[in-house]
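A short reminder: the numbers here are calculations on the coordinates, not readings from a lab. These figures come from a predicted structure and were not determined experimentally. Here the Cβ is made from the backbone with ideal geometry for all residues, glycine too, and neighbour counts use every protein chain on show.
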Amino acid sequence: MIIRTADMNDLDAVTAVERECFPPAEAATREEFAERILHYGNHFWLMFDGDKLVAFVDGFVTDAPDLTDEMYERADMHEENGAWQMIFGVNTIPEYRRRGLAGELIRRAVDDAGKAGRKGLVLTCKDRLVHYYAGFGFKDEGITNKSTHGNVAWHQMRLEF
């Protein structure tokens, strides 16, 4: 498996993986991914099996401490020198799940954020995944009122260095 960052050549593959991993109300669109890659392609961690994209993690950097719905839609809010690495999506295609690939990408994002001198990372997740992310050191801050993306109740989780 190879891990690297994203460029525009990855747009169709990233969009296809997202569609496999999230329901339509929660999945980012091709246009949103184009903006994300344009603004912060270096904050995508893509995992390939040969030339097949099988998993990825993405999110921008900001000084804002909490993840909000606006962030998903506004890639231009990215601040390269910001304090917090946000995680917008953790994706693994179904036939590659339960192999630790997402965990490897999360650890890589955490490691890169630490090396960059960030305060930490922030993500939101559904109730059933709180325990999973806690295993990486994320602390549950409870249901957030700043994100109802896809009409879902999200737990905000934070890993501070």
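Applying 1/(1 + (r/R0)^6) with R0 = 25 Å to the Cβ-Cβ distance of LEU38 and PHE161, what FRET efficiency is obtained, to the nearest 0.05? Mind showing how you got there, number by number?
Numbers: r = 28 Å, r/R0 = 1.13.
My answer for the efficiency is 0.35.
Near LYS146, which aspartates and glutamates are there with a Cα under 13 Å away, not counting those fewer than 8 places off in the same chain?
Counting by Cα, and skipping residues close in sequence, LYS146 has these aspartates and glutamates nearby: ASP66, ASP69, GLU70.
Taking the structure as given and computing Kirkwood radius over Cα pairs in Å, which label from [x] 16.7; [y] 18.7; [z] 15.6 fits?
This structure yields the entry labelled [z].
Give me the one-decimal nm value for the distance between modelled label points at GLU95 and ALA153, 7 Å along each residue's Cα-to-Cβ direction.
Once both label points are built, they end up 3.7 nm from each other.
Using 1/(1 + (r/R0)^6) with R0 = 35 angstrom and r between the beta carbons of HIS131 and GLU73, what's the FRET efficiency to the nearest 0.05? The partial results should precede the final answer.
Values: r = 29 Å, r/R0 = 0.83.
Once the sixth-power term is evaluated, E becomes 0.75.
Tell me, in nm to one decimal, what length is gained between ASP63 and GLU80 on full extension, where the rule is 0.36 nm per residue of separation less the Cα-Cα distance?
5.2 nm
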